[in-house]
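Written out below as structure tokens is the structure these notes cover.
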Amino acid sequence: MPEVTPIGARKSDHIRINLEEDVRSGLTTGLERYRFQHRALPELDLEAVNLSQELFGRKLAAPILISSMTGGTEEAAAINRRLAQAAQQTGVAMGVGSQRAAIEHPELAGTFQVRREAPDVLLFANLGAVQLNYGYGVDECRRAIEMIEADALILHLNALQEAVQPEGDTRFAGLTQRIEQVCRDLTVPVIAKEVGWGFSEADVRLLADAGVAAIDVAGAGGTSWSQVELHRAKTDSQKRLAAAFVNWGIPTSEAILEVRRAAPQMTVIASGGLRSGVDVAKCIALGARLGGMASPFLKAAAVSVEDTIQTIQELRWEIQVCMFVAGAGDLNSLQQLTLIRD
């Protein structure tokens, strides 16, 4: 068994805290303020409603993403394998957790490698963007991609989480230029992803100009990583710092609209507090291509592949029924619907 590294210990803490503690943001996603116009006469057959699409060269059976979560430990390896098997069987996309641990400790690479379980899945590699200011470059990004045979690379942005971690990396100055170099030199798409606080129009314009292919808004309303760090804090002062940001961030619904305003052609992935297929459908109507979730899948995968598959199938069925009674026969039609805002 690989030796547990400091990063690995932190990842184990994150898994335990997410499974055992209340780490929700004090904000909501804002999706509760939107609803579909019900169609009593949808002029559709339910079984004909089509949830499929192609994205980054892969065919998806449903607009669902198993959001990036974990890796770097034996427990995480088992979870990733279950997630990958479920993704393969249901035709949804998947991201792995930050691969920094395996870049710095190559013996941990196997905890992220799921291509054998998921040969046909749209798979996202993942590194923290701020590491580009700490010695990482295009070579490390390529290693992350090659390590898991990924179709795209997520560069996640987590300034607030780093700021409330005693061991956080907080040198974010000049990062846009480094992201631009990665986008220019890689042969796969780069996705910019927040981790739970969303993107502003100003962020989106910087990222669009840098050449990112997609933005995962990961807005406020779901897991708050400042709350996760509160449960890791060793001192009362650190706990108070983390607790002060429970209501921080741009709600998911607003973050989607920020991207649409700043970069209308940008591919949008919606995540951050989504809990149902109706939430996913609302995000697509607002302008997203995929709806991503982490916590529901983590809890299911901690039990079994079968529980994970059931969770995905229930979400898919909710999306399909929602589209049926909203009168949208496919995802393009869903994106054309106008939501009612209460």
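The values are calculated or read from the model by the stated rules, or taken from the named source; none is laboratory data. Since we're looking at a predicted model, the values are computed, not measured. When we count neighbours, we look across all protein chains shown, and the Cβ atoms used for this are built from the backbone with ideal geometry, even at glycine.
Tell me which residues, restricted to the range 293-342, are β-branched (Val, Ile, Thr), closer than 25 Å to Val217 by Cβ and assigned to a loop (DSSP other than H, G, I, E, B).
If the condition is that a residue be β-branched (Val, Ile, Thr), closer than 25 Å to Val217 by Cβ and assigned to a loop (DSSP other than H, G, I, E, B), then Thr338 is the only one that fits.
Looking only at the range 247-278, filter to residues that are surrounded by fewer than 17 Cβ atoms within 10 Å (Cβ to Cβ) and touching a residue at least 60 places away in the same chain (Cβ under 8 Å); which one of those is nearest to the chain's Cα centre (by Cα)?
Trp248
May I ask you to say which residue of Glu117, Glu162, Glu194, Glu180 is touching a strand residue (DSSP E or B) at 6+ places or on another chain (Cβ under 7 Å), charged (D, E, K, R) and crowded, with 17+ Cβ neighbours inside 10 Å? Let's see the steps before the verdict.
Numbers: Glu117 fails: touching a strand residue (DSSP E or B) at 6+ places or on another chain (Cβ under 7 Å); Glu162 fails: touching a strand residue (DSSP E or B) at 6+ places or on another chain (Cβ under 7 Å); Glu180 fails: touching a strand residue (DSSP E or B) at 6+ places or on another chain (Cβ under 7 Å).
Of Glu117, Glu162, Glu194, Glu180, the one residue that is touching a strand residue (DSSP E or B) at 6+ places or on another chain (Cβ under 7 Å), charged (D, E, K, R) and crowded, with 17+ Cβ neighbours inside 10 Å is Glu194.
Please go through the range 88-106 and pick out each residue that is under 18 Å from Leu55 (Cβ atoms) and in contact (Cβ under 8 Å) with a residue 40 or more places away in the chain.
Answer for the range 88-106, where residues must be under 18 Å from Leu55 (Cβ atoms) and in contact (Cβ under 8 Å) with a residue 40 or more places away in the chain: Thr90, Val92, Ala93, Gly95, Val96.
So, Ile148, is that one touching a Leu at 6+ places or on another chain (Cβ under 7 Å), crowded, with 22+ Cβ neighbours inside 10 Å, of a type in the set (Val, Ile, Thr) and at pLDDT 95 or above or not?
Spelling it out, Ile148 is indeed touching a Leu at 6+ places or on another chain (Cβ under 7 Å), crowded, with 22+ Cβ neighbours inside 10 Å, of a type in the set (Val, Ile, Thr) and at pLDDT 95 or above.
Filter the range 49-89 for residues that are in a strand (DSSP E or B) and closer than 21 Å to Asp307 by Cα and give the result.
Of everything in the range 49-89, those that are in a strand (DSSP E or B) and closer than 21 Å to Asp307 by Cα turn out to be Leu60, Ile64, Leu65, Ile66.
What are the residue pairs meeting all of these: first residue in the range 183-212, first residue of a type in the set (Phe, Trp, Tyr), second residue crowded, with 24+ Cβ neighbours inside 10 Å and not in a strand (DSSP E or B), Cβ atoms under 6 Å, and 6 or more apart or on different chains?
Cβ pairs passing all conditions: Trp197/Gly249; Phe199/Val217; Phe199/Ala255.
Out of the residues in the range 98-149 meeting the condition of being charged (D, E, K, R) and assigned to a helix (DSSP H, G or I), tell me which one is nearest to the chain's Cα centre (by Cα).
As a first pass, look at the range 98-149 and keep what is charged (D, E, K, R): 100, 104, 107, 115-117, 120, 139-140, 142-143, 146, 149.
Then keep just the ones that are assigned to a helix (DSSP H, G or I); that gives 100, 104, 107, 139-140, 142-143, 146.
Working: Arg100: 17, Glu104: 23, Glu107: 25, Asp139: 23, Glu140: 21, Arg142: 20, Arg143: 21, Glu146: 20 Å.
Among those residues, the one meeting the criterion is Arg100.
Mind checking which residues of the range 48-96 are at pLDDT 95 or above, of a type in the set (S, T, N, Q) and within 15 Å of Ser271 (Cβ to Cβ)?
Ser67
Report every pair of residues separated by at least 6 positions or lying on different chains whose Cβ atoms are under 7 Å apart, first residue within the range 214-228 and in contact (Cβ under 8 Å) with a residue 40 or more places away in the chain, second surrounded by 24 or more Cβ atoms within 10 Å (Cβ to Cβ) and among the basic types (Lys, Arg).
The qualifying pairs are Asp216/Lys193; Ala218/Lys193.
Which one is nearest to Gly168 (Cα to Cα), of the residues in the range 234-246 that are outside any helix (DSSP H, G or I) and free of Cβ contacts under 8 Å to residues at least 60 places away in the same chain?
Thr235
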